[in-house]
Structures are given as structure tokens and as C-alpha cells.
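Inspection log for the structure reproduced underneath, given as C-alpha cells.
The values are calculated or read from the model by the stated rules, or taken from the named source; none is laboratory data. Just so it is clear, the model here is predicted, and its values are computed rather than measured. So basically every Cβ, Gly included, is an ideal-geometry build from the backbone, and we count neighbours across all protein chains shown. To get the accessible areas, we keep the full protein, side chains included, count just its heavy atoms, and leave off ligands, DNA and RNA. Shrake-Rupley method; radii C 1.70, N 1.55, O 1.52, S 1.80 Å.
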Amino acid sequence: MKVLHLNTHAFGGSYEYAALLSTALVEQGIESRVFCKNSPSTQTSRVLLDRVIRRAYVSFSTEPWHGTRRLLPPPAAEDLKEVNVVHLHTVADWFDVPRWLEMLPRRIGVVISLHDMWHVTGGCFLYRGCDRYARQIQPCDPCPILRWPANRFLAKAAHSRKLRAYRNCGARMVANSHWLAEIAGRSPLAKACGGVEVIPPGIDTTVFKPQDKALCRKHLDLPEDAFVIVTGGASLTDENKNVPWLLEQLSTLPDLDGIIILAFGEGAVPVPQGLNVRFTGGIRERRDLARLFAAADVFVSASLMETYGLTLVEAMACGTPVVAFRVGGIPEAAPEGQAAILCPPHDGAALIEAITKLRNSPQLRQRLGNLAHETAHSRNAASSFANAFAQLYRECVSPREDVQRKQPVLIK
């Protein structure tokens, strides 16, 4: 079997997910690779026109939103040679997905991993309580995050194009949490694919594992007696990650002289007076990120929404307890009392209370850290992750092979 994973960029959470899955599949004897967007210098006019379309989408919307009509080239025929399954990850900012799927040879199975809501909506990424994507009639009309008059037709048209393409190609959809599967499963797009299955994401447990805290702190030039809080993500300026708000809350902790905040991710945010924040920048090397987690006393997230929370799981695997909001798929990723202390959304007082409780009790940190490690390593091992997808791929391929065998041979 040969699997081709498609992801717009060769970085970010969805890429790490796809790359880990691909590597684990290869270890099981399945041919697999990840294919990302190229920069085609020979098609300058198409690239420029596509930029115009992308900027139009941005100007039409008040929150992240992407339509389906794009001009960048999709994977070519030679990239699909002998491929049995294409696995779509985050591809909204690349090519015209519905058009490409309708032209895809029917011998190729299609699997879609839902890293966000884009595949089951008219173009939005985050679930904010709007259920217009779930309507059977006139879905996403009007779209509340698009400006007039685009709100009356762009999202509805994108939803319609996806519905036709996903239904015709027999795509299978997979969510990383039961929360996301339930929310996404309301969409006619998901129903056209037979619903949404749940496969917890994997992590590299050979990298994300407990390490000697003193050695990690020495490597990072951190005092052994400091209380170290780590936070971050791909981008510190991502509004959903809520990092500026978090830093404001952390600045109210008592005895700030004994606290160091490690913030990883691209970009910079304001630092409240008196708070010792060390920005590491974006961390591409997974071993460096694991060392950061292992050096910390707690990982704190103030994300307003996560479909699962893979970064939380990676911290857990390193034996680091988590404090986060009780939103989206986070309670599945970081179970209350087994790996984390979870707080109501936007509740700064509860967040500070949870952090203070961990700061004042090394025994609680140790107990939660041990449970966090055990949970992540038993539930999110890459081998289990790959096994579940390998079975899904076989289910996708078998009916197509049966149809091909049954087709009559035409004699000229």
C-alpha cells in the first residue's frame, strides 16, 4: 500500500502530525510520504493571481476564513503514481480541493483528518458556537464572519462544492477527539462521508519523555530553584492561544522574583512589568521542545479553543503537569486529575489558583507529572496511532479494488 499525505506547509502542528504518522507507517511496512506546497517559479502569473484571491478572502472576513477556489497547482499526476490513498491534512491555503478531488482517479481512497473545522464548513476554521454549517438547507447563509455582500454567497458556495466532491470521492473523515467528532458530525459534509471517526493523535515517545530536570535547566541556563512555567505554540500572536492575556494573569502571581516564564513560538507579545519572560522563538527541533518541557514545573495554556491539544500531550509525555481551560477537546487530551488541573474559560482567578497550588506542592507536581507521562505514553504512542490509520486505509482501498476487479474488460 502507498499513502500520500498532503499538508500546505512543512511546519506547524498538522505537519508534525502527518510526518509522525507517515514515519510510523513506514516502520510498519507501508510506503508513505508527506507532500507540501511548493513555490512554482515558472507560474508567476498564477501565483500572483492566487495571492489576489487569498487577500480578497482575508479582506472579506473578520476571522480566519478560506474559500475553496485557488489557483496554485495541486499534486500532479506523477505524484499520484501507484498511490492507493491520499490523506488530506491542512490544505485550505493551497489548491482548489473540491475540483482536485472530483478529478482524482476513483481507484484512490481519500482520508481527511480534521485539524480544524474547515473541511466541514463553508470556510471557517474555529468553532465559535455558530451552527449554520450544520443546516441541510442554505448552509452557511449568511456567514457571520464574512462582510456583506460576500456573506450571502461565498461560504454557501464553498460548502456546496465540498459536499459534492466529498460525497463523490467517498472520503472518510477522522477527528482527533470525540468533542470534535460530535461538532463536525453535525455537518452535511461529514454525513456525506458516513460520519466522523475518532483516532487519538500520536506523539514521538522516544523524544517526548521524562528527562533529568537539573540537566535540562543547566542546558537552558535556568536556576535549579526557580519555578518555571512554559507556554506557547506555533505563533504567540495567535488570538486563539490568548498569550497576552495569560501573561497579564501570570503577572499577578506572588513572589515573581522566583518565577521564570518560557514562551516558545513565532512573534512577540507585550510583557507585563515585573514578569520574567524568556522568548525562545519558534522551535522546529522536537528534541529542543522536549527539553523545554522537561525543564519546566508546569505547562500552562490559555487557549480559547483546541480540537485536542497535542502540545499539551507532548508536555504531559515529558512528565510535566498541565493547567488549561476546560474547552473543546482539551479534557480528552489532558484529563482532569490524571494529568492536569482544568479551569473554566476566561477565569483568571482559577488559573492562578491552580498554578499556585502546583507551585506550593512538589508532591502534587510529581503525582500529576507521573500520571501525565503514563497517560500520554499508553494512549498516544505512534505505533497505536499508525495501526488505527493502517486499518482505515485498508477499509478505503478494499471496496475500490473489488470494483476494479468486477469491471468488465473491453475488447477492441
Handout entry: the range 350-371 residues that are under 21 Å from P210 (Cβ atoms) and in a helix (DSSP H, G or I), paired with ones that are modelled with pLDDT of 95 or more and open to solvent by 40 Å² or more (accessible area, probe 1.4 Å) (beta carbon under 7 Å, 6 or more apart)
Key = L358/R365; L364/K357
Problem - Test set (1) in contact with a helix residue (DSSP H, G or I) (Cβ under 8 Å, 6 or more places away or on another chain); (2) open to solvent by 20 Å² or more (accessible area, probe 1.4 Å); (3) at pLDDT 95 or above; (4) of a type in the set (D, E, K, R) - R217 fails condition number - result: (2)
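Scan the range 97-115 for residues that are part of a loop (DSSP other than H, G, I, E, B) and either among the β-branched types (V, I, T) or surrounded by 22 or more Cβ atoms within 10 Å (Cβ to Cβ) (or both) and jot them down. First the steps, then the outcome.
Applying the first criterion (part of a loop (DSSP other than H, G, I, E, B)) to the range 97-115 yields 104-108, 115.
Once the filter is applied, which keeps residues that are part of a loop (DSSP other than H, G, I, E, B) and either among the β-branched types (V, I, T) or surrounded by 22 or more Cβ atoms within 10 Å (Cβ to Cβ) (or both), the range 97-115 yields I108, H115.
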Practice task
Give the number of residues within the range 116-130 that are open to solvent by 10 Å² or more (accessible area, probe 1.4 Å) and in contact with a Ser or Thr (Cβ under 6 Å, 6 or more places away or on another chain).
Solution key: 0
Practice task
Determine the pairs where a residue that is polar (S, T, N, Q), located within the range 252-273, has a partner that is open to solvent by 20 Å² or more (accessible area, probe 1.4 Å) with Cβ atoms under 7 Å apart, the partner being 6 or more residues away or on another chain.
Solution key: T252/I352
Exercise for the section: Report, ordered by the first and then the second residue, all pairs with beta carbons closer than 7 Å, sequence separation of six or more or different chains, a first member in the range 139-168 that is within 26 Å of L104 (Cβ to Cβ), and a second member that is open to solvent by 70 Å² or more (accessible area, probe 1.4 Å) and assigned to a helix (DSSP H, G or I). Expected result: P139/R132; C140/R132; L154/F60; A165/E102; N168/E102
Practice task
With the checklist (1) surrounded by fewer than 16 Cβ atoms within 10 Å (Cβ to Cβ); (2) outside any loop (DSSP other than H, G, I, E, B) in hand, flag the one item T237 doesn't pass.
Solution key: (2)
Fill in the blank from the handout: When T320 is run through (1) more than 25 Å from S14 (Cα to Cα); (2) touching a His at 6+ places or on another chain (Cβ under 9 Å), the failure sits at (1)
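Step by step: first the residues of the range 246-261, then only those that are among the acidic types (D, E) and outside any loop (DSSP other than H, G, I, E, B), then the one that is farthest from P345 (Cα to Cα). Which residue is that? Outline the logic, then answer.
Start the filter on the range 246-261 by keeping residues that are among the acidic types (D, E), which leaves 248, 255, 257.
Now drop any that are not outside any loop (DSSP other than H, G, I, E, B), which leaves 248, 257.
Values: E248: 15, D257: 28 Å.
Applying the filter and picking the extreme gives D257.
Select from the range 72-90 the residues that are out of contact with any helix residue (DSSP H, G or I) (no Cβ under 6 Å at 6 or more places or on another chain), touching a residue at least 40 places away in the same chain (Cβ under 8 Å) and open to solvent by less than 40 Å² (accessible area, probe 1.4 Å) and list them in ascending order.
P75, D79, L80, V83, V86, H87, L88
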Fill in the blank from the handout: Within the range 170-195, residues part of a helix (DSSP H, G or I), touching a helix residue (DSSP H, G or I) at 6+ places or on another chain (Cβ under 8 Å) and surrounded by fewer than 22 Cβ atoms within 10 Å (Cβ to Cβ) come out as H178, W179, P188, A192
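A quick yes/no check of all residues on (1) out of contact with any Leu (no Cβ under 7 Å at 6 or more places or on another chain); (2) under 26 Å from E285 (Cβ atoms); (3) at pLDDT 95 or above:
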{"residue": "V3", "(1), (2), (3)": "no, yes, yes"}
{"residue": "H9", "(1), (2), (3)": "yes, yes, no"}
{"residue": "R55", "(1), (2), (3)": "yes, no, no"}
{"residue": "R70", "(1), (2), (3)": "yes, no, no"}
{"residue": "K81", "(1), (2), (3)": "yes, no, no"}
Practice task
Pull up the range 357-368, narrow it to residues that are open to solvent by 10 Å² or more (accessible area, probe 1.4 Å) and touching a Leu at 6+ places or on another chain (Cβ under 7 Å), then point me to the one that is nearest to Y15 (Cα to Cα).
Solution key: R365
Practice task
Determine, yes or no, whether Y57 is open to solvent by less than 70 Å² (accessible area, probe 1.4 Å) and closer than 25 Å to N387 by Cα.
Solution key: no
Problem - Selection from the range 290-323 of residues that are open to solvent by 10 Å² or more (accessible area, probe 1.4 Å) and outside any loop (DSSP other than H, G, I, E, B) - result: R291, L310, T311, E314
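Evaluate the following for S59: is it touching a strand residue (DSSP E or B) at 6+ places or on another chain (Cβ under 9 Å), on the phi < 0 side of the Ramachandran plot, at pLDDT below 95 and among the polar types (S, T, N, Q)?
Details: touching a strand residue (DSSP E or B) at 6+ places or on another chain (Cβ under 9 Å): no; on the phi < 0 side of the Ramachandran plot: yes; at pLDDT below 95: yes; among the polar types (S, T, N, Q): yes.
No: the conditions fail for S59.
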Handout entry: Residue count, the range 10-34 (criterion: under 27 Å from R394 (Cα atoms), in contact (Cβ under 8 Å) with a residue 12 or more places away in the chain, open to solvent by 30 Å² or more (accessible area, probe 1.4 Å) and not β-branched (V, I, T))
Key = 9
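Quickly run through the range 131-151 and pick out the residues that are open to solvent by 50 Å² or more (accessible area, probe 1.4 Å) and either aromatic (F, W, Y) or assigned to a loop (DSSP other than H, G, I, E, B) (or both). Explain how you work it out, then say what you get.
Taking the range 131-151 first, the residues open to solvent by 50 Å² or more (accessible area, probe 1.4 Å) are 131-132, 135-138, 144, 147-149.
Once the filter is applied, which keeps residues that are open to solvent by 50 Å² or more (accessible area, probe 1.4 Å) and either aromatic (F, W, Y) or assigned to a loop (DSSP other than H, G, I, E, B) (or both), the range 131-151 yields D131, R135, Q136, I137, Q138, P144, R147, W148, P149.
Tally up the residues in the range 330-348 that are surrounded by 24 or more Cβ atoms within 10 Å (Cβ to Cβ) and over 18 Å from L371 (Cβ atoms), please. Working first, answer last.
So the first thing to find is which residues in the range 330-348 are surrounded by 24 or more Cβ atoms within 10 Å (Cβ to Cβ), and the list is 330, 333-334, 339-340.
Now narrow it down to the ones that are over 18 Å from L371 (Cβ atoms): none.
Result for the range 330-348: 0.
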